[in-house]
1. Please pick out the residue among A181, A140, A217, A160 that is in a loop (DSSP other than H, G, I, E, B) and in contact with a Gly (Cβ under 9 Å, 6 or more places away or on another chain).
2. When you scan region 148-157, how many residues do you find that are surrounded by fewer than 24 Cβ atoms within 10 Å (Cβ to Cβ) and either away from the ligand (no atom under 15 Å from the Cβ) or in a helix (DSSP H, G or I) (or both)?
3. Within the bounds of region 43-66, is there any residue that is under 23 Å from Y146 (Cβ atoms) and within 15 Å of the ligand (Cβ to nearest atom)?
4. Only one residue in V94, V143, V120, V115 is closer than 23 Å to E166 by Cα and more than 16 Å from the ligand (Cβ to nearest atom), so which one is that?
5. Select from region 119-132 the residues that are at pLDDT 90 or above and open to solvent by 20 Å² or more (accessible area, probe 1.4 Å) and write down the one among them that is nearest to Q189 (Cα to Cα).
6. Which numbered condition trips up H80, out of (1) within 16 Å of the ligand (Cβ to nearest atom); (2) touching a Pro at 6+ places or on another chain (Cβ under 9 Å); (3) not β-branched (V, I, T)?
7. Please go through region 16-41 and give me each residue that is without any contact (Cβ under 8 Å) to a residue 60 or more places away in the chain and either β-branched (V, I, T) or within 14 Å of the ligand (Cβ to nearest atom) (or both), ordered by number.
8. Of all residues being over 20 Å from Y84 (Cβ atoms) and assigned to a helix (DSSP H, G or I) in region 1-12, which is least open to solvent (accessible area, probe 1.4 Å)? Just the residue, please.
Amino acid sequence: MQVEERLRAEIVEVGRRVYDRGFVASNDGNISVRLDDDRLLMTPTGVSKGFMTPDMLVTTDMAGRKLTGDREASSEILMHLAVYELRPDIKAVVHAHPPTATGFAVAGIPLDRAVLAEVVTTLGSIPIADYGTPSTTELADAVRHYISAHDGLLLANHGALTVAQELFAAYYKMETVEHFARISLVARQLGGERVLSREEVDRLQNLRDRYGVTAPAPLCPPGQEEGADVTCQTVHAPSSPDARLVAAAPETRAGALDLDDEVRLTYRELTALIADAVKQLR
Ligand SMILES: [Zn+2]
């Protein structure tokens, strides 16, 4: 079978799986593979990913211009192009809206706790790329910020994105992201996760080398956060030489306030608050 024919069949199959698993609704989601140095194979816009046929797919050049196909390429192609530009190692991109992972993305809670060994070794942390209007360069730029150091991202108030050296690996990472999100949600409903210690995470990182797992980036050294140029991964795993499992710190939601944080009010706002409180007293 010709390589392109095989990849067309694989995209159709992955589309069916993301639809059947409820990772997308209606015409959501998009999938692409790198055919060679100059061409991408991409899902079309306006089609349910659960009901595609190989002939519906579109080929484009690396600037997103259509080469072949009766339909138009996905409106999210800019996000895919950003990945291929920054990650020459990547051959496939899957974007979907899996409900639990997307719930974390909507709540502003990244999946960055060291909880499950297989997630630590394969994906590491899954941060949240800033909100960008879908199909614009905003969203592509938000992805650019993290993609050099991460194979899985949440997209704020939107969905998730996974990338890999081949299509099924990218799809399996999407399954892992959603599975991890579901387990994290249940653990939090039951009172919160215990997380792996930093020392255990280091141990897993060493195993990663032994098993030949290629991860996009190392963990950021303790105390060093991801900067403007994200080249390492931030994973919540407190140091604990004695115990491998540690209680996780309370939720740190993006934009949430800590009880010790300083809040500044204008005189007008303060007066309104006092007037309100007095009214409640009456
Ligand atoms: Zn989307």
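1. Checking each option against the conditions leaves just A217.
2. 2
3. Yes, region 43-66 contains a residue that is under 23 Å from Y146 (Cβ atoms) and within 15 Å of the ligand (Cβ to nearest atom).
4. V120
5. Going through the qualifying residues, I end up with I128.
6. So H80 meets the others, but not (2).
7. The answer is Y19, S26, N27.
8. Within region 1-12, the match that is least open to solvent (accessible area, probe 1.4 Å) is V12.
The values are calculated or read from the model by the stated rules, or taken from the named source; none is laboratory data. Nothing here was measured: the structure is a model prediction, and the numbers come from that model. A quick note on method: Cβ atoms are made from the backbone with ideal geometry, for glycine too, and the neighbour counts reach across all protein chains shown. Heads up: the accessible areas ignore ligands, DNA and RNA and are worked out on the full protein's heavy atoms, side chains in. Shrake-Rupley method; radii C 1.70, N 1.55, O 1.52, S 1.80 Å.
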